[in-house]
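Structure first, commentary second.
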Amino acid sequence: MSGKEKIQRGSGNVFADIGAVYPDRVQVRAQVMFRIAEILRERGLTQKQTTKLLGIPQSKVSCLMNGKLSAFSLDYLFKILNALDRDVEIVIHPKRREERTAVTQVWLRTAFA
């Protein structure tokens with residue numbers, strides 16, 4: 001390094017940092033897809049077994065496992081989670097006073113409390 005490169009701290013949302021439209025929503029989809037892929041890996045399912053379990057084409061399973069965000073809406077991902085015996089809860093509440101703008105977030109709970 002020549003010392004002239006400038007390092008900038010990220011915002012915490014890579015999609016905001018690269019200028020994506022609706023970065024919070026894209027990050028939510030990425031987080032949900034990551035969790036689905038994690039569940040499938042934990043179960044040790046092959047793509048063929050996953051295709052049968054979820055009732056989706058193998059090409060979609062491949063997109064899911066490889067994080068191809070454009071292939072899935074949140075609604076579709078919620079359907080997949082339900083097929084994997086996962087409940088999906090959506091909580092809507094007023095934004096906190098200290099926050100400048102309202103946000104969309106995902107909280108992943110691995111066990112029922």
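The values are calculated or read from the model by the stated rules, or taken from the named source; none is laboratory data. Owing to the predicted nature of the structure, the values given are computational and were not obtained by experimental measurement. FYI the Cβ positions are ideal-geometry reconstructions off the backbone, even for glycines, and counts take in every protein chain you see.
Considering every residue within region 54-68, establish whether at least one is surrounded by 11 or more Cβ atoms within 10 Å (Cβ to Cβ), of a type in the set (S, T, Y) and more than 24 Å from V91 (Cβ to Cβ).
yes
Here is a list: E38, E99. Which entry is closer than 29 Å to Q8 by Cα, without any contact (Cβ under 8 Å) to a residue 12 or more places away in the chain and among the acidic types (D, E)? Steps first, please.
Numbers: E38 fails: closer than 29 Å to Q8 by Cα.
Of E38, E99, the one residue that is closer than 29 Å to Q8 by Cα, without any contact (Cβ under 8 Å) to a residue 12 or more places away in the chain and among the acidic types (D, E) is E99.
If I go through region 1-44 residue by residue, how many of them are touching a Lys or Arg at 6+ places or on another chain (Cβ under 9 Å) and in a loop (DSSP other than H, G, I, E, B)?
0
Considering only residues that are farther than 24 Å from T104 by Cβ, at pLDDT 90 or above and of a type in the set (S, T, N, Q), which ones fall in region 1-55?
Listed by number, the residues that qualify are T46, Q47, Q49, T50, T51.
Kindly check whether there is at least one residue in region 86-95 that is surrounded by 11 or more Cβ atoms within 10 Å (Cβ to Cβ), free of Cβ contacts under 8 Å to residues at least 60 places away in the same chain and closer than 28 Å to A20 by Cα.
yes
Of the residues in region 79-97, how many are in contact with a helix residue (DSSP H, G or I) (Cβ under 7 Å, 6 or more places away or on another chain) and β-branched (V, I, T)?
Qualifying residue count, region 79-97: 2.
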